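Notes to accompany the following structure.
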Amino acid sequence: MANYLAQFQSIKNSCDHIVIAVEDVSDLWPTVKGRFDERLPFRRACLNNKTRNPVFVENLNAEFILTTDSRLRSRFPQEQSLFWFREPYATVVLVTCEDLDEFKTILKPRLKLIVQNDEREWFIVFVSRAHPSNDSATKSAKKVYDKVQVEFSTKKRERCCKFDIHGPEALFWEDLESKIMECVRNTLDRRVQFYEDEIRKLSEQRFMPIWNFCNFFILKESLAFMFEMAHLYEDALREYDELELCYLETVNMIGKQRDFGGVEHGDDQAALLNPGNKPLSQIVQDDSFREFEFRQYLFAYQSKLLFKLNRPFEVASRGYSFVISFSKSLTLHEHKLPFCMREVWVITACWDLITASSSEYKAGVVAPDIEKEFYRLQGDLFSLGRVKFLRLAYLVGYGNDIERSPVNSASLSMLPWPRPSVWPSVPTEASSEVLEKEKLILQTTPKTKHFGIQRKKLPLEPTVLLREANRRRASLSAGNAFEIFDGHSVMTDGSGPDGSSKSPNPQKKVGISMSRTFSSPGNFEGPPDRPMRIAEIHVAAQHALQGTISDEDLWKSLSTVEEFEKKYLELTKGAADNYHRSWWKRHGVVLDGEIAAVCFRHGNFDQAAKSYEKVCALYAGEGWQELLADVLPNLAECQKMLNDQAGYLSSCIRLLSLDKSLFLNKEREAFQAELVRLAHSELKDPVPLDVSSLITFSGIPGPPLELCDGDPGTLSVTVWSGFPDDMTLDSVSLTLMATFNADVGAKAVRSTTAVLKPGRNTVTLSLLPPKPGSYVLGVLTGQIGQLRFRSHSFSKGGPADSDDFMSYEKPTRPILKVFKPRALVDLAAVISSPLLINEIQWTGIVVRPIDYLLKGAILHIDTGPGLSIEKSFVIEMESCANLSQSEPDTPNSSGSQNGSPTAYKQSEQLTLEDGKVNFPDWASDVDSVIWVPIWAKSDSLPRGSSSVSPQRPNMVDGMRTIALNLEFGASHNQTFERTIAVHFSDPFHVSSRVIDRCNEGTLLLQVILQSQVQATLTVYDAWLELQDGFVHAGRGDGRPTLVSFPLAVSPTSKGGIIFNISLGRTIGKDENGAEQPESILNIRYGISGDRTSGAHPPVAMEYSGSDSARKDLTFRSVLVLQRPVLDPCMAVGFLPLPSVDLRVGQLVPMKWRVEILKDMEDKEISKHNEEVLYEVNANPENWMIAGRKRGYIPLSKKQGSRIVISVLCVPLVAGYVRPPQLGLPNVDESDISCNPPGPHLVCIMPPALSSSFCIPV
Amino acid sequence: MAITASFIIVSRNDIPIYEAEVGSATKREDAAQLHQFVLHAALDIVQDLAWTTSAMFLKNIDRFNDLVVSVYVTAGHILFIY
C-alpha cells in the first residue's frame, strides 16, 4: 500500500477539483465546450456534508472532461476504488437529433447502453440546433426531445434538459447546474459512504498486528481530500484531526520503534505550514511515518484548511499548542538531533505562524474577544520565539547584551540547557575565533547599576554554562554512557531546576535508541582532555549552530551582535505590540521595558525613558515594589541623561519612597545625596516636586489648638520623614484648610529651617492670625535648595513601621480652631459711688480676663481733663477672685484686711511708666483690680442751696473719665479700649434755711449737711464765715450753737447744724477793705471709708499711718444768705364772694383789696405817682370779664392806704375753675404779701334752666 | 526537586497585600523577584479568565517553565495566587 503513496501524492497535486465527464454522443462538445466552461466554477452549490446535512458552498471548481479523454480512460479498477475521489462526479450525455426515426433506431439504443452503468450519475443534455425561425426544425427537435424525456426521465428524477443553441439559454444553465449538482451530490454521498465504510473496517482492525497505518492514512486523506475538493473544508479538517489523533495513538504505542526524523538538512526550519515540504514517500520509512515530518505535514494541511475557512486565529491557537507539544517531542529526541535543533525549530515555527496568521488575519472581522485572543496568541508566539532566540544568543556569547531583567531571567533561568548527546567542542581551526572571543569577553565591562546599587545579577541560565558544558564533556570523556545516552535523567548533582517538568515520563524513555551518527558534525574531533574555557564554549556552540541552522536569515541574526539586537528588538516589539493589542498590559509593558533597555544601551535615552516610564507606572500603580525597584533606577538614569531634572528628582523621591528593605541603606543615602546635590546646585529654576510618598504629616494627637480671633500661634505637627538620613529643609510651610469653606481658608503657616531626622519629627510652625473657624491639615510644602516640594499625605500618627502608617484619606480631625471675635477681657470701674474731689483717691479698675491669658499685658491709662494720676504713689494691683462675692456682702470691709480670701489673694505694687502699667504674670488668668491714685481737681467752691431755692448739686460737674487701653495677647495683637467714668463729689451737700426767731431780729440758720459719699463722715468742727449784712449772734466765734461735735454723718444721711445769726454789720469790716459777698461754711471732718465701696481717706493719709497723726479734712462751702427775707410793704387780698352759689352765666363781682402795709416812700411802684397798675388775668374760656382788665388805680404810698378793685365776671363753665387773678405788674413780688392771694378754685354751678340759652330749632 | 512556592494575596486593584515564600528548599536569592514577576504577569491571564468562569479556583492558569500559577479568586475579586 505504501507504494501508492507517491502516486497518491501526485494525484493530489494534479487534481484539486471535481471532474464532470462529458459523453459526447453527437459530436457536439467542440461546439458547446466554450459555453459550458464559461459556467465554471459553479457560483453556488448545495452539497451534503458528512452528516448528510445540506451545505452551501461557493465557487465550486470543476472541469468538464470528455469520456474519451486519456485521463479517464487509462485507469485500473483497483486504482479507481482507492483514488475514487478523482473519478467524475457526474456524466453529461450530449445528444442531438432532429429526426424521430433516427432517434428511435440509432440514438436510443446507444444512449441506453451508456446509461446502464449504475455507478454513474448521468443526465442527458439535448442540444437543439434548430433556429427559432425555422418552425419545422424546431418542432421536430421538440418532438425528439419529448421522446427522449419519455424514455429517460422518470417520475422520480428528471434526467433530461434541452439546450437551444440559438434560443434563450438562461433557464437551461440553471437547469444544467441544478442537474450537475444533483449528480455531484449523489456521487459525493456515495463515495463518502464508501470511504467511511472502508475506514471503519480499518479502524476496527487497528490493534491487530497486520494493521497498517499507511492504508488508513490513504483512505482517510482521500476522504479529506475529496471533501476539500468539494469545498467541504470543515469535514476535511475533521478528517485530518481524526487522522492526527489516530497517528498520535499509534506513534506512542509501545513496541513500535520508529525513526523520529528531523535529521535532514533543512529540517531545522519548521515546515508546519508547508504541506508540500517533503514528498510523502520521504516521510514514510518502512511502513511507518516519521513523527517529525508527519506531524508537521498534518498540521500544514489543517492550517491550510483553516485558512480556507478564514480562521487564522485558530491557526495561531492550534499552532501555539502544536509548537509547545512538538517542542516536547523534540526534547525527547534531542540527543539524536543536531545541536539546538529544538530551539531553532521553535524559532522558525513561531515566525512562520506569526507571518502566516497575521497576513491572513483581517482585523475587525471577528468578535472582539477572538481578536483579543488572536493578538494574545501572536504575542505568545513572539515571546516564545524570543526566548529561544535569546537562548541561542547566549550560547554563542551575546549574554552580555541581554538585559538581566526579571522577564528575561524568568524565561531563561528555568529553561534547561540543550542536551545534545555530546556537547560540541571547538573545531581545531577556530583558535583565532576563540582568541577574539576571549578578547571581547575581557573588554566587556560588567554593567553596573546606577546609584551604585549592588544587586546580585539575575541569572539568564539554569546553571552556569561553563560548568554545564564541561560537565557534559567530562562525563563523556569519563565514559559515563548513561549520562550521554540519556540526557533526560534527573540530575544527580542537584544543581538548579534542570530536571524540568517538561521531562517526559521516564517509562517512555525505555528503549530510546541512540545513534551517534545523528549528532551534529564536528562533535567528535577528539575527546576533550581539559575543561573548555567560556570563550571556547561560545565558539564551539557557534560552529555547532552553524551546522544546525539552515535558515540564512536566522544565522545572520546570530552572526553579529548588531544583527542579534535587530532581531531581538523585532521579536520584542512584536510581542509587546501584540500583548498591548490584546490588553495584556502587564506582558506588553514589561516587554516595553526590554526595548527601553536596548534603547538605553544605544543612547536613545528619550525613547528609553518613555518606555521605562510606562513600566514604572504599571508597577507603581499596582504596588509591585520589588519589580519597580528593579526598573526605577534605570528610568532615573535616563532622566539624568536627558537632563530632565524634574523627572529625575521625582524618580529619586520614588526610589526613596519604596519599601526600605528593597535597597540597602547606603543606596538610599545615595538617592538622598543625589537629591540634595541637585536641589542645591544644578537647578536653574525652582522645581516643584511631590514628596507625598516620602514625607507625611499629621497633627499632634489630642484636642486641636484653640486660638482666639486675631491671635497668632504656633502649631506643632508630626512629620514623618522617609529619608534615610537627616534632611535639612530650608523652609517648611503648611496650609490649613478651613472646614467651613473649601474655597477660602488655605492658611499658610511657616517655619524656618527644619532638620528632619529619619522617622518621626515634630515641627513647630508659627501661625499667622487666621480667620475664625476650624481648620484641618492641608498641604505641606517646603523648599530644599531650589526644590519646592509638597506633600499631600497624612499619616495617622502611628509609628512609621505599622501597616497603617500612611493614609490617603484626608484627616477630618480639626487641628486648629479659631474662635469668633468675642470679648476677651473686661475693664470696669470697681465702684460707681463718688469719690472725694480735690483729694487723692484710689480708683479701682477691675480687669477680668474672659477665658484668656493676659500674659504680658500692658494697660495704658489716660486720664481725662480735670483728673490726674498722682505719680508720687505707686499703683497697686491685687487679685480679686472673690471681689464679686465680697462686694455686696461687706461693702465697708477693707480688701486688704478681709480675712477669708487672703489665702490666695495676691497683690503687687506697680509703677506707671509713660502712662503704661505692665501686668505681672500672676494676673494673667485671674480677675484683678488695679488701684490708681488719682486726683480730681475742682477750683470752684461748692455752693450750698437754700430752702427757698433748693437745688441739687450737678452730677456732671464731678464726672471725670479715664481712658483705658489694654494691649494683650501673645504679641500684643489684641487690644481692648474702654473709657470709664469716675464720679467725684464733695463730701457734703449743704443746704440752709433761715427762720426768724422773732426775737430781737435774730435769725436761726439751719445748715443741713447731706453726705454724698459712701463713707461715714465725722464732722469734728464747723464754723461759718458770714457775708456782709449778717453777724453772728451769741458767742460770735462762728461755731454752731445747737450741736455737739463730733457729728457722724452716715452715707446718704443728713445732719444739721444750727447757727444763730442776726442782721447787722460786722465791726471793723472796713479795715479789711474787701466785702465778703457770700458766707462760707467751714467743716473740719474725717472720713472713714473703703476704696472698694466708695470715697475713702485720701491716699496720702493712708500712708501717714495711725489715728494719732490723723489729719482732718476741711470742707468749705458757700452759703448765700439773703436779707430781708420777710418784709412785704403791700398786701393784696381777695374779698369773699357773695354767699349765693355761683352759676354759669350769672354776673359775679370779683373784688380785691390792695393795702399799703408800710410806707413806700423809697419804692418806685409806678411812674405815675400815687397810682398803681393792676391787671386781672383770667382764663377766657372760663370767664368773661366785664370792666377794665388793666388799669391804674389811685393809691397813696402812705401806710394804711387801701383800695378795692372790683371786676365783674361771668363764669362760662360749670365746675371748679380757677378764679381770675389780680396782678400788680409794677410792684416787686417780694414787696407783696398775698398769701393766700385768692382762692385756688371756685365752684360754679350749672346754669338754671333758661330759654335764653336755647337754640332755636 | 523542591523549589520554593510563592504565595501572594492581591487586592482587587491589583496591589499585592501579602507575600510569603513557602517551602523548605534552599532559597535562590533571585527567586523572590522572579516569583513576583511571574505572579504579576499572571494577573493578565486572571483578568481574562476570572470573568469567563464561575469557578473560584483557577488551576494552572499559567506556567513559566516549571513555575505553575494557580489562583483562587474570592467573591470580592481578591486573588490568592501561588
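The values are calculated or read from the model by the stated rules, or taken from the named source; none is laboratory data. Note that this is a predicted model, so its numbers are computed, not measured. Positions of Cβ are backbone-derived with ideal geometry, glycine not excepted, and every protein chain shown enters the neighbour counts. Protein only, heavy atoms only, side chains kept; ligands, DNA and RNA dropped before computing areas. Shrake-Rupley method; radii C 1.70, N 1.55, O 1.52, S 1.80 Å.
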- Message: Restricting to segment A:563-572, name every residue that is under 23 Å from A:Gln639 (Cβ atoms) and either in contact with a strand residue (DSSP E or B) (Cβ under 8 Å, 6 or more places away or on another chain) or surrounded by fewer than 21 Cβ atoms within 10 Å (Cβ to Cβ) (or both).
- Response: A:Leu569
- Message: Suppose we filter segment B:34-60 for residues that are under 22 Å from A:Leu618 (Cα atoms) and open to solvent by less than 30 Å² (accessible area, probe 1.4 Å); how many remain?
- Response: 14
- Query: Would you call A:Pro769 at pLDDT below 80, over 26 Å from A:Met727 (Cα atoms) and in a loop (DSSP other than H, G, I, E, B)?
  - Reply: yes
- Item | Hits in segment A:684-698 (condition: within 15 Å of A:Arg788 (Cα to Cα) and either of a type in the set (A, V, I, L, M, F, W, C) or open to solvent by less than 50 Å² (accessible area, probe 1.4 Å) (or both)) | A:Val687, A:Leu689, A:Val691, A:Ser692, A:Leu694, A:Ile695
- Hey, can you tell me all the residues within segment A:15-28 that are within 20 Å of A:Phe42 (Cα to Cα) and free of Cβ contacts under 8 Å to residues at least 24 places away in the same chain? none
- Residue count, segment A:210-234, condition open to solvent by less than 10 Å² (accessible area, probe 1.4 Å) and within 60 Å of the chain's Cα centre (by Cα), comes to 0
- Which listed residue, of A:Ser650, A:Ser681, is buried (at least 16 other Cβ atoms within 10 Å of the Cβ) and of a type in the set (Ser, Thr, Tyr): A:Ser650
- Is segment A:605-615 home to any residue that is open to solvent by less than 20 Å² (accessible area, probe 1.4 Å) and within 14 Å of another protein chain (Cβ to nearest Cβ)? yes
- For residues in segment A:374-401 being touching a Ser or Thr at 6+ places or on another chain (Cβ under 7 Å) and not aliphatic (A, V, I, L, M), which is farthest from A:Lys585 (Cα to Cα)? A:Asn400
- Message: Between A:Phe789, A:Phe794, which is hydrophobic (A, V, I, L, M, F, W, C) and at pLDDT below 80?
- Response: A:Phe794
- Kindly establish whether A:Ala535 is more than 14 Å from chain B (Cβ to nearest Cβ), closer than 28 Å to A:Ile653 by Cβ and of a type in the set (A, V, I, L, M). no
- A:Val396: closer than 25 Å to A:Leu460 by Cα and in contact with a Phe, Trp or Tyr (Cβ under 8 Å, 6 or more places away or on another chain), yes or no? no
- Query: So which of A:Glu121, A:Glu151 is within 16 Å of A:Thr67 (Cβ to Cβ) and either charged (D, E, K, R) or touching a residue at least 12 places away in the same chain (Cβ under 8 Å) (or both)?
  - Reply: A:Glu121
- Message: Within segment A:954-972, take every residue that is farther than 21 Å from A:Ser928 by Cβ and in contact (Cβ under 8 Å) with a residue 12 or more places away in the chain and give me the one that is least open to solvent (accessible area, probe 1.4 Å).
- Response: A:Gly958
- Task: Scan segment A:859-876 for residues that are over 24 Å from A:Phe988 (Cβ atoms), buried (at least 17 other Cβ atoms within 10 Å of the Cβ) and not charged (D, E, K, R) and jot them down.
- Result: A:Leu859, A:Ile861, A:Thr863, A:Ile869, A:Phe873, A:Ile875
- Item | Selected residue (only one of A:Pro312, A:Pro279 is open to solvent by 40 Å² or more (accessible area, probe 1.4 Å), in contact (Cβ under 8 Å) with a residue 60 or more places away in the chain and not aliphatic (A, V, I, L, M)) | A:Pro279
- Of the numbered conditions (1) under 50 Å from the mean Cα position of the chain (by Cα); (2) in a helix (DSSP H, G or I), A:Arg342 fails exactly one; give the number of that condition. (1)
- Query: When you go through A:Trp624, A:Trp583 one by one, which is the residue that is within 14 Å of another protein chain (Cβ to nearest Cβ), farther than 30 Å from A:Thr548 by Cα and either open to solvent by 40 Å² or more (accessible area, probe 1.4 Å) or of a type in the set (S, T, N, Q) (or both)?
  - Reply: A:Trp583
- Query: Does at least one position in segment A:538-553 carry a residue that is more than 21 Å from A:Thr428 (Cα to Cα) and part of a helix (DSSP H, G or I)?
  - Reply: yes
- Query: Are any residues in segment A:152-185 open to solvent by 50 Å² or more (accessible area, probe 1.4 Å), in a helix (DSSP H, G or I) and over 11 Å from A:Val125 (Cα atoms), and if so, which ones?
  - Reply: A:Ala170, A:Leu171, A:Glu174, A:Ser178, A:Glu182, A:Arg185
- Item | The listed residue being under 39 Å from the mean Cα position of the chain (by Cα) and either of a type outside the set (Phe, Trp, Tyr) or open to solvent by less than 30 Å² (accessible area, probe 1.4 Å) (or both), out of A:Pro416, A:Pro406 | A:Pro406
- Query: For segment A:326-366, which residues satisfy the criterion of being out of contact with any helix residue (DSSP H, G or I) (no Cβ under 9 Å at 6 or more places or on another chain) and either farther than 15 Å from A:Phe382 by Cα or open to solvent by less than 10 Å² (accessible area, probe 1.4 Å) (or both)?
  - Reply: A:Lys328
- Item | Hits in segment A:434-461 - residues which are over 30 Å from A:Ser327 (Cβ atoms), away from chain B (no Cβ under 14 Å) and open to solvent by less than 100 Å² (accessible area, probe 1.4 Å) | A:Val434, A:Glu438, A:Leu440, A:Ile441, A:Thr444, A:Pro446, A:His450, A:Phe451, A:Gly452
